[in-house]
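Before any comments, here is the structure.
The values are calculated or read from the model by the stated rules, or taken from the named source; none is laboratory data. All values derive from a computational prediction rather than experimental measurement. Here the Cβ positions follow ideal geometry from the backbone for every residue, glycine too, while neighbour counts run over all protein chains shown. Accessible surface is based on the protein model in full, side chains and every heavy atom, while ligands, DNA and RNA are left aside. Shrake-Rupley method; radii C 1.70, N 1.55, O 1.52, S 1.80 Å.
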Amino acid sequence: MKELEYPFDAEYLLKKKKSIRKELLSDEKASYITKKIAILGGCTTHNVMLILELFLLNYGIKAEFYESEYNKYFEDGMFPNPELEEFAPDLIYICTCNRNIMEYPEMSDSKDAVKDKHKAIIDKFMGLWERIFSVYHCPIIQNNFEYPFFRLMGNKDASDYHGRVNFITGLNSAFYEYAQTHENFYICDINYISASYGLEKWSDPYYWNMYKYAVAVPAIPYLSFNVANIIKSMYGKNKKAFNLDLDNTLWGGIVGDDGADNIEIGQETALAETYSEFQEYIKLHKQFGIVLTVNSKNEAENAIAGLNRVDSVLKPDDFVAIKANWNPKSQNLSETAAEMNLLPESYVFVDDNPAERQIIKAQFPGVSAPEMDIPEHYIQIIDKSGFFEVTTLSGDDIKRNEMYMENAKRAQAQASFVDYNDYLRSLEMQGEIKGFVPEYMSRIAQLTNKSNQFNLTTKRYNQAEIEEAAADSNRITLYGKLVDKFGDNGVVSIVIGNIDNNDNTKLHMELWLMSCRVLKREMEFAMMDELVNQAKQRGIKAIYGYYYPTAKNMMVKDFYALQGFEKISEDAEGNTVWEYIIPDNYENKNGSIKVN
């Protein structure tokens, strides 16, 4: 919904939140994942919750909320709480602020006394976090502390250990250290958000004294939006790639008319510097795996000439795909997505032309096409939209651009073969298929939330749930890695099977998914072979598979049939159940991958 995209009208959202919610829920085409979210507040949080719900619905997440009473965040999380335990949250958001700091330094305090006050606050919060992890086994989102709206000592408040600014800086650093050493713990950076919004307006005492809102009510949508971005990232709703225009987007001017020598890029003018800075910003995204592609109405040679300028920050090799032609941009985007085995909605379409943005939105409602007004605002618009919010960063993420480049080489190699099986053997593929291990837990959880097209049951797991599955003796868990002569694809397939409690000769498939970048490479057969091997070792005689259709996973509706399963039931919604009786003389289906 346009009203919920950055830059949004915060006042409008607060005023129209009920009608916006009604409109979002009335969309019959929308499909949601459902999550239980507990908000434990050190201040009034009701409007935070209501606006958060809107942003989450817009991301495809339908939330059920538990909300603590005013300033009962510590009691609710730290002590036995039957209501919260029955609620069984999928995640807990601790919405605190600097008004929840119990005791600040005083001028008469020694350095050791200030350290003791610092330690008391950190111990309180760490005790709360550890208690939540031990009881609820779910991720935590924790606000850091915003700076105070006054500085008693002026500038010295930041450097003197008696200063509140200095004290809060130390508390925040301790929070960050905890986040760096604990999985499933995330910081909502209200220190940055408040600074960006304007600290004096953010901390307006009127809203605290009147309503006990620690954040000014007009600023609540900005807080809720940032929390929503963390949550949607946790559950695989991030974008994965840029689809970038060139003329007046990555450089100033029209390269076909002005010539590559005359476009605005480099350091010669203020406008050229602005475009160079934007290119630098876009290129930085490659460091954490965001894929860059070009979609430009241009002659290909002109586009390449512009990118090959000595002072262009982005070069042709920075892009996984370059579509520079006179085809409709919707066609280019569709073809790029198909070539990369990504859904169009994985892309952020960046184009200065509002007509092109409108066409893309009409053709692909899931694609984000931010409104690009003037070049000086390009970075701010994209950065504050939260398209690529990072909650976990795996080795596979960092190598994603490299992996897609390698896939392009595979496609070129495939074109030189007449026989597809010969092509597969030429890849010299090696697979690693084993039970879940600690080093891949983060990637496994990430994959369960990102894989849409090849996800038979559409189930999502956080890392704590993946760790529980790995430790459960009643489950069979498998991950699959794939390497070939062009490179390492990383962890690309996940299987979780649950042994029947009443009949331990039956295995029910709880999850079966695979990254689409290795489709048709026989990885699905290799996983089946190892699953059967593990099942036979446990005396299992039959495997039951489940397929729950969505708009995104129709490509795998016949997956079990291809594996030799027999369909035993289907309901009116198309949900199917499949049975595979394991034969004594089972023959491996994979013939191209050397496993383990």
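Hey, of (1) 81, 72, 48; (2) 91, 69, 47; (3) 77, 58, 57, which did the structure itself give for Cα extents along the principal axes in Å when calculated? Recomputing Cα extents along the principal axes in Å here gives the entry labelled (1). Net charge in the neighbourhood of residue 264 (other residues with Cβ under 10 Å of its Cβ; Lys, Arg +1, Asp, Glu -1) is -3.
If you roll a 1.4 Å probe over the stretch 443-592 with all protein chains in place, what percent of the accessible area is carbon or sulfur? Carbon-and-sulfur percentage of accessible area, whole number: 44. Protection proxy ranking for 57-64, 264-271, using the average of other Cβ atoms within 10 Å per residue and placing the highest first: 57-64, 264-271. In the context of the full set of protein chains, the chain has a per residue accessible area of 45 Å² (1.4 Å probe).
In terms of accessible area, using a 1.4 Å probe and ignoring ligands and nucleic acids, 146, 402, 5 rank largest first as 402, 5, 146. Placing R0 at 22 angstrom, the Cβ-Cβ distance between residue 192 and residue 112 gives a FRET efficiency of 0.10 after rounding to 0.05.
What is the sum of charges, Lys and Arg at +1 and Asp and Glu at -1, for the other residues whose Cβ falls under 12 Å from the Cβ of residue 2?
Neighbourhood net charge equals -3.
Could you sort out which of 117/156; 239/506; 323/557; 481/552 sit more than 29 Å apart by Cα distance in this structure?
Details: 117/156 20 Å; 239/506 38 Å; 323/557 32 Å; 481/552 24 Å.
Checking Cα-Cα distances, 239/506; 323/557 exceed 29 Å.
Considering only DSSP states other than H, G, I, E and B, which chymotrypsin sites (Phe, Trp or Tyr not before Pro) in the stretch 232-341 qualify as loop sites with at most 16 other Cβ atoms within 10 Å? Hits after loop and neighbour filter: 326. Charge dipole of the chain (Cα centre as origin; +1 on each Lys and Arg Cβ, -1 on each Asp and Glu Cβ, all else neutral): 900 debye, rounded to the nearest 20. Computed about the Cα centre, the dipole magnitude for the stretch 523-576 is approximately 200 debye when only Lys and Arg (+1) and Asp and Glu (-1) carry charge, each at its Cβ. Rounded to the nearest 20 debye, the dipole magnitude of the stretch 278-352 is 60 debye, with +1 charges on Lys and Arg beta carbons, -1 on Asp and Glu beta carbons, and the Cα centre as origin.
Counting only lysines at least 8 places from residue 22 when in the same chain, those with an alpha carbon closer than 18 Å to its own are 2, 62. The aspartates and glutamates whose alpha-carbon is closer than 14 Å to the alpha-carbon of residue 124, local same-chain residues fewer than 8 away aside, are 75, 76, 103, 116. For the stretch 183-312, give the percent of accessible area contributed by carbon and sulfur heavy atoms, probe 1.4 Å, rounded to a whole number. After summing per-atom areas, the C and S share lands at 48 percent. Just want the answer: with Cβ charges of +1 for Lys and Arg and -1 for Asp and Glu, which residue in 564, 44, 251 is farthest toward the dipole's positive end in the chain? The residue sitting farthest along the positive end of the dipole is 564. Other residues whose C-beta falls under 11 angstrom from the C-beta of residue 534 contribute a net charge of +2, scoring Lys and Arg +1 and Asp and Glu -1.
Look at where the Cα atoms of the stretch 505-560 and of the stretch 171-222 average out, and the two centres are 44 Å apart.
The stretch 416-450 and the stretch 318-388 have their alpha-carbon centroids 29 Å apart. Going by accessible surface with a 1.4 Å probe and the largest first, 257, 204, 245 read 257, 204, 245. Relative to one another, the C-alpha centroids of the stretch 240-310 and the stretch 475-499 are positioned 38 Å apart.
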